[in-house]
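Here, each number is a calculation from the coordinates, and none is a lab measurement. Source: prediction; values computed, not measured. Cβ: placed from backbone, ideal geometry, glycine included. Neighbour counts: every protein chain shown.
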Amino acid sequence: MDLRQMTAFVAVYEAGSINRAAQRLSLAQPSVSHVIRTLETELGVPLFDRVPRGIRPTPSGETFYRHCQRVLAEVDATRKAMTGSPDRVHGPINVGLAPTAAKGLMPNFLASYLEEHKEVQVQISEAFSGPLTEWTLSGEVDFAIVAVPPIDRRLAIRRIASEPIVFIAAPDHEPAQDLRGRLAEGPPLKLVLPSRRNGLRTILDRYIHANDVPVARSIEIDSLRGMLEFVRRSDWVTLLSVTAIANELERGEITVFAIDPPMELGFYLIHPARRTLSLAAVHFIERLEAGFAASRRDWQARLPPA
């Protein structure tokens, strides 16, 4: 058994198809099929069941995949450690960010990060959790920060932050002043929501249903900046995490209240389990974690004493 065989097996497992795996590896389909048959013969167990729409891993295939992930991650870490000085921060990083992190955090630290790490080339893509997960699995981004963690053993997942979701309205919105975050006690809301493509929507829908929050009308806007600008100019309201609205709150463009009962939104780092993160990526993630922590501290400092 060698790394070439393990890499081919992982590609087939993740693609769910020998043809798609062959395309990903830039190999002929018969070559990949031969690798899988050779592995099954060597291991003495079937790794895949053939089904009408492709292939499905057997229990032995699932176990072998977990071991391959660990081996390939160690090989990847070794390769990176042997490339130049182990403490050298360099190379390209492709980053995927949820809109909250892209708007509320990234502009605050990116310039200083680039100034400190002059040998790093950064590419940043913004999207919702679904596309970010797909890009991470396909290798289009090295890692991503998402609000709704996927359940996928191909990914390493770590929670890096949790922050309150808050009630947001225009500064002169009188009902908001009266409610002060007690949403179930007030008149029906004209509520701006993200669409169901956004993972936050599921969390908000559950909260609204569980707490009997009255809603007169709702609209969907899948633009964070567009949503906040519309709320600022109208009598509509919305619910977002504190990092998403930190700049508008600081400028006095919106009024914001903690909601009762409270609701939290988690943010998660995801990256392929078979690859280790570069030192440049690790330092970038540390800046994001520090930014989330600072946002939470700033929000807590605004709350009235208990």
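Inside segment 102-115, residues that are among the charged types (D, E, K, R) and either in contact (Cβ under 8 Å) with a residue 12 or more places away in the chain or outside any helix (DSSP H, G or I) (or both) make up a count of 1. For first residues located in segment 132-160 and assigned to a helix (DSSP H, G or I), partners that are aromatic (Phe, Trp, Tyr) and lie 6+ apart or on another chain with Cβ distances below 7 Å form the pairs Thr136/Phe143.
When you look at Glu134, is it surrounded by fewer than 19 Cβ atoms within 10 Å (Cβ to Cβ), out of contact with any strand residue (DSSP E or B) (no Cβ under 9 Å at 6 or more places or on another chain) and farther than 30 Å from Arg232 by Cα, yes or no? So Glu134 fits the description; yes.
Just one residue in the set Ala210, Ala293, Ala301 is closer than 30 Å to Arg88 by Cβ, surrounded by fewer than 17 Cβ atoms within 10 Å (Cβ to Cβ) and not hydroxyl-bearing (Ser, Thr, Tyr); that residue is Ala293. Against the condition among the small types (Gly, Ala, Ser), surrounded by 19 or more Cβ atoms within 10 Å (Cβ to Cβ) and either touching a residue at least 40 places away in the same chain (Cβ under 8 Å) or closer than 30 Å to Phe284 by Cα (or both), how does Gly16 come out, does it pass? No: the conditions fail for Gly16.
Restricting attention to segment 246-285, the residues that are β-branched (Val, Ile, Thr), over 22 Å from the mean Cα position of the chain (by Cα) and not in a strand (DSSP E or B) add up to 2.
Pairs meeting the criteria (first residue in segment 209-232 and touching a residue at least 60 places away in the same chain (Cβ under 8 Å), second residue of a type in the set (Ser, Thr, Tyr) and buried (at least 17 other Cβ atoms within 10 Å of the Cβ), beta carbons under 8 Å, at least 6 apart or on different chains) are Leu224/Thr100; Leu228/Thr238; Val231/Thr238.
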